Amino acid sequence: MAVHITLTESRKKTAVPDAPKHLVTPGDVITADTGYMRGHGTYMDDDKLKASLAGVVERVNKLICVQPLKTRYNGEIGDVVVGRVSEVGQKRWRVDVNSRLDAILMLSAVNLPGGELRRRSAEDELMMREYLQEGDLISAEVQAIFHDGALSLHTRSLKYGKLAQGVMVQVSPSLVKRRRTHFHNLACGASVILGNNGYVWISPTVNNERGESSGGYEQDLEPVPSADREVIARQRNCILALATHKLMLYDTSVLYAYEASRQYQVKDLLQPDVAEKVADDTRQRLQMESG
């Protein structure tokens, strides 16, 4: 097996746009004014308000808090998430969504096969593993937030449900840009779900009519053509390159990165210097459009 080894080299420093104005590290003095209230990520020491973690200072009236640069996913109602079923319980599934606590998907919050609209019965509870079982990947929407911070999900729309024949990529939730829609059929032939929780699902372009009769639980187990697998692998490597160089992920940036990577082989995109070139080309193209 061939191994690619490169020597260290000097890299040009690229300016990061929209850098935080007030970045602090633990122990930094935020303010000596005693008129402010202490919020999350701060503490008082010698009548000075100091930061207890690394992040960006945010002020809301007289309240000062520090938002960490890297943290677990904190969900909001309406967020689109990609998750993995971790447990099948009584009338509910537990789903790993990259948060502090597993999310809850109630049996009453899913579509029944055939799209039936009725009360869930004991037979439905016995059939739960036929719908979703441990290890299954799903897309869902945050319906509510419990008092302990756990998320309540639903998959009542046919665009949500079980995911198959694709690959999941994990990135920082802060890099996923909030948009009107997070489901994208890209021109390159891949479909991407940019979950607000940092889980990104990449699959061949799907047919919207598929799965209507099964309520979103049907899995297409047909072999994926080699050309589609190459598109998925290239798109995965492009998303990892963007995430490594801290570029926001949304439909335009993902597509531009794919187009910038066409001059390289799929395996070459895993090399740090090639990934940096793709990210730089994408950043420059986005800056030209925005400005």
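The values are calculated or read from the model by the stated rules, or taken from the named source; none is laboratory data. Here the structure is a predicted model, which means the values were calculated and not measured. Positions of Cβ are generated from backbone atoms using ideal geometry, with glycine treated the same way; all protein chains shown enter the neighbour counts. These accessible areas exclude ligands, DNA and RNA; they are computed on the full protein's heavy atoms, side chains included. Shrake-Rupley method; radii C 1.70, N 1.55, O 1.52, S 1.80 Å.
Which option, [x] 39, 18, 18; [y] 48, 33, 16; [z] 36, 31, 15, is the value of semi-axes √(5λ) of the Cα gyration tensor in Å that was calculated from these coordinates?
Computed from these coordinates, semi-axes √(5λ) of the Cα gyration tensor in Å corresponds to label [z].
Would you mind calculating the relative contact order of the chain from Cα pairs under 8 angstrom and at least 6 residues apart, reporting the percent as a whole number? Kindly include the intermediate steps, with their values, before the conclusion.
On the way: 543 pairs, mean separation 37.5, N = 291.
Here the relative contact order equals 13 percent.
Fully extended, how many nm does the chain gain between E125 and R100 (0.36 nm per residue separation, minus their Cα-Cα distance)?
6.3 nm
Starting from the Cα of R156, step 7 Å along the direction of its Cβ; do the same at K48; then give the gap between the two resulting points in nm.
5.3 nm
Translational diffusion coefficient, Stokes-Einstein: compute it for the range 24-68 using the Kirkwood radius over C-alpha pairs as Rh, at 20 °C and 1.002 mPa s, and state it as an integer in µm² s⁻¹.
Estimated via Stokes-Einstein, D reaches 215 µm²/s.
Running a GNM on the chain with Cα contacts under 10 Å, which residue among L126, L240, L112 ends up with the highest mean-square fluctuation?
Maximum among the listed residues: L126.
Once the dipole of the range 24-68 is set up with Lys and Arg at +1 and Asp and Glu at -1 on Cβ about the Cα centre, which of L63, G27, G41 lies farthest towards its positive end?
Value: L63.
For every other residue with a beta carbon closer than 13 angstrom to the beta carbon of A190, add +1 if it is Lys or Arg and -1 if Asp or Glu, then tell me the sum.
Numbers: positive: R229, R234, R236; negative: D228, E230, D251, E259.
Once all neighbours under 13 Å are counted, the net charge is -1.
Determine the calculated [θ] at 222 nm for the chain from helices alone, applying -39500 (n - 2.57) to every DSSP H run no shorter than 4 residues and normalising by the residue count; nearest 500 deg cm²/dmol.
-6000 deg cm²/dmol
In the range 15-107, which trypsin sites (Lys or Arg not before Pro) fall in coil by DSSP and have 15 or fewer other Cβ atoms within 10 Å?
K21, K62, K70, R72, K91, R100
Pulled fully out, how much extra length does the chain show between H147 and L69, if you take 0.36 nm times their separation in residues and subtract their Cα-Cα distance? Can you show the working numbers first?
Numbers: separation 78, 0.36 × 78 = 28.08 nm, distance 2.45 nm.
Difference between extended and current length: 25.6 nm.
Could you give the accessible area per residue of the range 24-68, probe 1.4 Å, as a whole number in Å²?
Heavy-atom SASA per residue in the range 24-68 reads 60 Å².
For the pair E222 and M37, what calculated FRET efficiency results from E = 1/(1 + (r/R0)^6), where r is the Cβ-Cβ distance and R0 = 41 Å, to the nearest 0.05?
So, using R0 = 41 Å, E works out to roughly 0.10.
What is the distance, in nm, between label points placed 7 Å from the Cα along the Cα-to-Cβ direction at I5 and at V60?
Computed distance between label sites I5 and V60 equals 5.4 nm.
Give me the percent of accessible area attributable to carbon and sulfur for the chain, probe 1.4 angstrom.
Ligands and nucleic acids excluded, carbon and sulfur reach 49 percent.
Which residue, H182, H40, H245, has the most motion in a Gaussian network model of the chain that connects Cα atoms within less than 10 Å?
Comparing H182, H40, H245 in a Gaussian network model of the chain, the most mobile one is H40.
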